[in-house]
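Presented below is the structure to which this report refers.
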Amino acid sequence: MASLVGSRVERKEDGRFLQGRGRYTADINIANQTYAVFVRSPHARAKIKSVDTSKALKSSGVVGVLTGKEIAEDKIGGLIAGWAIRSEDGSEMKVPANPPLAKDIANFVGEPIAVVFAETLDEAKEGAEKVKVDYKVLKAVVDPADAMKSEAIHDGVDKNLCYDWLLGDRKAVDEAFAKADKIIKVDLINNRLVPNAMEPRACVVDYNTASEEITLYTTSQNPHLSRLVMSAFGNVAPENKLRVVAPDVGGGFGSKINVYNEEIVCSWASKKIERPIKWVAERTESFLTDTHGRDHVTHAELAVTNDGKFLGFKNETIANLGAYARVFGTVTPTYLFGPCATGVYVIPAAYSNVKAVYTNTAPVDAYRGAGRPEATYTIERLVEKAAMELGIDKTEIRMKNFPTQFPFKQTLVHTVDSGDYVAGLEKAKQMADYAGFEARRKKSEANGKLRGIGVSSYFEACGIAPSAAVMSLGCGVGLWESAEVRFNPTGQISVFTGAHSHGQSHDTTFAQIAADELGVPMENIDVVHGDTDKGTFGMGTYGSRSLTVGGIAIVNACKKIVAKGKRVAAKMLEVNEDEIEFKDGEFVALKSNKKKTIGEVAFACYLPGQRDEMKSPIPEGDEPGLIESSFFDPANFSFPAGSHICEVEIDPDTGNVKVEKYTAVDDFGRIVNPMIVEGQVHGGIAQGIGQALHENTQYDETGQLMTASYMDYTMPRADNFPEFNLGFTCTHATSNPLGVKGCGEAGAIASPPTVMNAVIDALGGQEISMPATAEKVWKACKAMKKSNAKAA
Amino acid sequence: MTKVTLEVNGKKVSKEVPDHTLLSVFLRDNLNLTGTHVGCDTSQCGACVVHVDGKSIKSCSTLAADVEGSKVTTIEGLAKDGKLHPMQEAFKKTHGLQCGYCTPGMVMSAVDLLQTKKNPSDQEIREWLEGNICRCTGYQNIVAAVKEAATKM
C-alpha cells in the first residue's frame, strides 16, 4: 500500500467549507438565547467612579445587566499570564490583576466595564447605550519607549516594568566586542500588528439548569486550556461541569489562544440569568480587544571582523505588553525571542536583554511566529547591514557564519538537532536567479525604477518542549499533547486529538498519518477535536506544535493499537506474537501466511467470543475493546530553518513598492502533505509581507486606536503579492519518530526582514522602518535624490 | 417591520423583518443560511458576498428590503444535484482555502468574475478579488483555483 504521508491528498474538511456547511460559533443558535453587548471603556486610562445600570435595566427587552461589582462579589477570577518570567536581578515579574469586567479602573480603550443581555441584539445594543459610566479620565501611557519614564498605571508595578530579563553573558559579549574590527548597529521598531483572523471572536453559552453544566461554544485555538483556566483561575465552574467546544474556527494566528473577558463573563452570567447567551464581536471590537502582536523597540549590535566573521551580539529591547500580561504575553518577548535573536549563526558571545512594559493599549500576546519574527528581523537586519558595510556579498557573509555541524549548540539556549543551512541558501540563490540580479537591477534603473534584493536566513524553535524544561522556565503548564485512537467494532476509526484545527488541515494530515500507521483507508478515519467532552485533555494549537507534538501522540497511540492487535491476532491465528507481522492493515502469521485484517481483529476485540465454544481471542492480561491513548512530550523543540530571497521594485515618483519576486526555501523535515505545507508557507509569507509593507497598528497619544477597522488598517489583498516560488530541503528532526518539523509560522518569521532588506537595498542602504509604506518610501527616495545630487 | 419576499437558492421565501435588516442577517438569522459569513461590518472583507440576480454583492451592506423580489444565490445554492460547482471543485483541488471563513464570499465573487470574463489573467484575478480578504492562504492558491475553474466553466 502506498504511503499517504508525503502525498498531496485533497482535504477532508473542504466539502463542508465549500458548501457553506462549516459550523462556526456565530452560526450556533440556542432556543431562548439572549444577546450580549458589552459596555466598553472609551478611554485608555480612566478611574471608574460609578456605573449606573438603572435605565438600561428598564430598557425594552433587557434581561439583565452585570458589572464589575457583581463579578467581584461572585469571586470570579480574572485573566492570567501563562508564564512567570524572572528579572535579571532575580525578582519575579510584576503582574496586575485583570478582572473580566473592570470595576475600579479601565486600562485600554475597549476594556469591558459592563454587559447587557436582551431578547434581541438591537435591544441589547440599545440597553448598552443606557448604561451610564462616570469616568475620571487619567493621562494614558501609550508609547512603550516612554513607559518606564511615565506614571505607573498599575499599583505595585514600578516604572510600568513587568520584568527586566537577561539571557546570555554581558561580560563575554563585552570581551568579544573589544576584539571586533567593526560594530554594526541597528535601531528597529517591530511594528505592532493585529492578527485579524477573518472570523471575529464569538461565544455562545448554554447553561443546563438540570445538570448544572455550562457549555461554552467559543472561537478558541485550545478549548481544553480555556476550560482549565476558567475553572482553576476563573472559578466559573468545576472542570467536570464546564464543557468547552471550539467548533470550526475561522483562523487564529495566536489571537484565539487567550481566554477572553467575554467568554468568562458570558459563562458566569448564563448560570446567573439562567438563559443561553450569544455574543459575537463586531470587527472594531476585535481590533480593540483581540490580543495584538509584536510591538518591540530594539537596539542591537553585531561585532564583526573585517572579513565578515561574527564575534558577538547584543540586543536591548523594550517589549510592549499592553495593559495586561496574558497567556503568552510574557514569554513571547523572552524565551521565544531572545534565544532566536542570534539566528542561524555561530556567534561565540551573545546576550538579549528585554524590558517588558505595560501601556494603556490592548494586551499584546502571541501572533504567528511569536517572538521569532522579531528575533529574525533583528539579526537579519544586522547581518545584511554588516554585508553592506563590509562590502561582502550578502549570501557569502551568511554562509561564512553558518554552522556546518549538527547538532548545533546555538549560542543562547537551543541545541538544534538537524539542518543544512548551506544547502538551503544555495538552493534559494539558484531558484531566485541571484546571479542574474544585477542585470535586472540595471533594467529597472533604465525604466526609472529602483530595484533591490534582500535575503534572510532563519531558524525557529517551535513545538515547545519538553514539559519539564518549559515549566522550569516559568510556563504554567506542560506542553505535551494527547491523542486517543478508537477503533470501533465495525472498522471506522475516531482519532481524538488535543490539538485544534482552525485552518491547519488536521482532519486531513492527521488522518493521513493514522491511515499509514493502521493500514486502513483514510476515509475510514475521522479526526475529532475541539470539544472537551470528546477525547482526552489537550493543549491546543499554536507555536507550530500540532504535528510535531500532537501528530506524534497519534502515531504512538496507533502503535499501541497495532501492538495489541498483534497479540490478539496471534491468539486468533494460534501462533506466537513474534511470528506475526503487521503490514498494510493485515496481521500475517509468517509461517502459515494466514492473516487477519485489522478490522477483523478490532471486531474480535469488541465481540470476544463465539457460539458453542468457550473461546476468547483476547490474550490473558489483555482487556476487550480497541482504544488506545498517548500523551507525547517531545525531547526537544523542532527547528525548521531556511533562506528566503525577495526582489522589490520601487517607483521613486510614488514610493510604491512592488514585490517582484519572492523565493522561499524551507526545511520542515519530513513533509506529510506538500500541498498543505505550501499553503501554510504562502499564508505566512503574506502575513510577513503585510508587516513589512502594509500593516500598522496606530494609537494616538491619548490611547485611541486609530486603525480599528479595515478602512484604516491595511490588510494585504490579492494584488499586493506576486506568485511565491517555494522550494524545500529536508533534514529529518531527530526529536520525533516522524522526523517532522513545524511549518505554520516559518513564512511569517522569514519574510519581514527579507522584504525590508530588499527595500533598503533598493534605497541604497537607507534605513526605513516597517511598514515601508509608499509615503515613507517616497520620502526616502527624495532624500536619496538629494544626497546623490550633493555627492555629484 | 417590512415583508421581504425573495427567491433564495431557487426557493421562494417571505419573511416579516425589521426595516433595517441587512441581507446578510436575513440570510443567516431568518433563513439559517449560515454559509454567508460576516467578517468586518464595513463591506471591506467580502466574506458576505452573495449573488443578487446573478451579480456578486456584499450582503452585509445591503438591506434585505432593497433587493425585494430578487433572485439570491448563496454558497449553499451553488452545488447542483449533489455535484460541486466547478469553482468549488477548483478550490478543493488547488487548496484554495484553509480556515474556510472567507471562502463562501471568495467563491461567490470568483464565480461572478468568470461570468464577467472568461479567461482572466493572474493580475485581473488579483485585482477582481481586491474586495475579498483572506488571512490564511496568501491568495496564491485562490488565484490558482480561479484559473483552474476557468478551464472548466
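The values are calculated or read from the model by the stated rules, or taken from the named source; none is laboratory data. Keep in mind it's a predicted model, so treat the numbers as computed, not measured. Using ideal geometry, Cβ is built from the backbone for each residue, glycine included, and neighbour counts are taken over all protein chains shown. We work out accessible area using only protein heavy atoms, side chains counted, and drop any ligands, DNA or RNA first. Shrake-Rupley method; radii C 1.70, N 1.55, O 1.52, S 1.80 Å.
Laid out as a table, the results:
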| quantity | calculated |
| --- | --- |
| Neighbour net charge for A:S352 - beta-carbon separation under 14 angstrom, K R +1, D E -1 | -2 |
| Surrounding net charge for A:V470, when Lys and Arg each add one and Asp and Glu each subtract one, Cβ distance under 14 Å | -1 |
| Within segment A:82-141: Cβ-based charge dipole about Cα centre, in debye rounded to nearest 20 (Lys, Arg +1; Asp, Glu -1) | 260 |
| GNM flexibility winner over chain B from B:E76, B:E89, B:E16 (Cα, springs under 10 Å) | B:E16 |
| Rg [Å, one decimal], Dmax [Å, integer] - segment A:394-549, C-alpha atoms | 22.6, 72 |
| Average Cα contact separation per residue, chain A, under 8 Å, 6 or more apart, as relative contact order % | 15 |
| Fraction of beta bridges assigned by DSSP in chain A that are antiparallel (%, nearest 5) | 80 |
| Calculated FRET efficiency for the pair A:F537/A:K185, C-beta based, R₀ 45 Å, to 0.05 | 0.40 |
| Average partner coverage of A:493-505, which counts Cβ from other chains inside 10 Å | 2 |
| Kirkwood hydrodynamic radius (C-alpha pairs) into Stokes-Einstein, segment B:86-152, 10 °C and 1.306 mPa s, D in µm²/s | 140 |
| B:F91, A:F632, reordered so the largest accessible area comes first (probe 1.4 Å) | A:F632, B:F91 |
| Per-residue average of Cβ from other chains inside 10 Å of A:197-203 | 5 |
| Residues in segment B:23-39 that, when all protein chains are in place, have 40 Å² or more less accessible area than the chain alone would give (probe 1.4 Å) | B:R28, B:T34, B:G39 |
| Hits among lysines - C-alpha to C-alpha of B:K92 under 21 Å, sequence gap 8 or more where chains match | A:K12, B:K80, B:K83, B:K118, B:K147, B:K152 |
| Computed E for A:A435/A:Q610 - FRET, C-beta separation, R0 51 angstrom, nearest 0.05 | 0.10 |
| Interatomic Cα distance distribution for chain A, bins of 20 angstrom, percent | 16, 46, 31, 8, 0, 0 |
| Axial C-alpha extent at least 24 Å, average Kyte-Doolittle at least 1.6 - helices from chain B (DSSP) | none |
| Accessible-area order (highest first, 1.4 angstrom probe) of the listed residues A:T361, A:T597 | A:T597, A:T361 |
| Rounded, prolate or oblate (a/c below 1.5 giving rounded, otherwise prolate when a/b exceeds b/c) for segment A:480-632 by Cα gyration tensor | prolate |
| Positive-end residue of A:V346, A:Q704, A:I76, charge dipole of chain A with Cβ unit charges | A:Q704 |
| Carbon plus sulfur fraction of accessible area for segment A:1-153, probe 1.4 Å, in percent | 51 |
| Protein accessible surface hidden between A and B, which excludes ligands and nucleic acids, total in Å², probe 1.4 Å | 4100 |
| Cβ charges +1 (Lys, Arg) and -1 (Asp, Glu), total dipole of segment B:2-76, debye | 180 |
| Rounded to the nearest 20 debye, dipole of chain B from Cβ charges on Lys, Arg, Asp, Glu | 460 |
| Rotationally averaged projected area of segment B:2-76 (alpha carbon convex hull; nm²) | 4.2 |
| Peptides A:428-439, A:215-226 ordered by average Cβ neighbours within 10 Å, highest first | A:215-226, A:428-439 |
| Span-rule helices in chain A, defined as complete DSSP H runs reaching 20 Å or more along the axis (Cα) with Kyte mean at least -0.5 | A:372-390, A:552-573, A:674-689, A:746-762 |
| Relative contact order (%) - segment A:480-632, alpha-carbon pairs under 8 angstrom, separation at least six | 30 |
| Overall dimensions of segment A:688-792 by Cα: Rg and Dmax, Å | 18.8, 62 |
| Protection-proxy order for peptides A:477-484, A:601-608, B:5-12, A:585-592, each taking the mean of Cβ atoms within 10 Å per residue, highest first | A:477-484, A:601-608, A:585-592, B:5-12 |
| Burial of 50 Å² or greater, segment B:99-116 residues [accessible area, probe 1.4 Å, versus chain by itself] | B:C99, B:Y101 |
| Selected from A:Q512, A:A499, A:L573, residue furthest toward positive end of dipole (segment A:492-592; charges at beta carbon) | A:A499 |
| All Cα pairs of segment A:165-282, percent lying beyond 19 Å | 57 |
| Members of A:K171/A:K314; A:K427/A:K449; A:K159/A:K355; A:K69/A:K130 lying beyond 20 Å, as alpha-carbon distances in this model show | A:K427/A:K449 |
| Within-9-Å neighbourhood charge of A:P640 [Cβ basis; K, R +1; D, E -1] | -3 |
| Ordering of A:146-153, B:136-143, A:411-418 by packing [mean C-beta count within 10 Å, highest first] | B:136-143, A:411-418, A:146-153 |
| Carbon plus sulfur fraction of accessible area for segment B:86-152, probe 1.4 Å, in percent | 49 |
| Nearest-0.05 FRET efficiency for A:Q405 and A:E574, computed from C-beta distance (R0 45 Å) | 0.30 |
| The protein assembly as shown, accessible area per residue, ligands and nucleic acids excluded (1.4 Å, Å²) | 36 |
| 10 Å Cβ neighbours from other chains, averaged over peptide A:115-124 | 1 |
| Gained length - B:E7 relative to B:D66, 0.36 nm times residue gap less alpha-carbon distance | 19.9 nm |
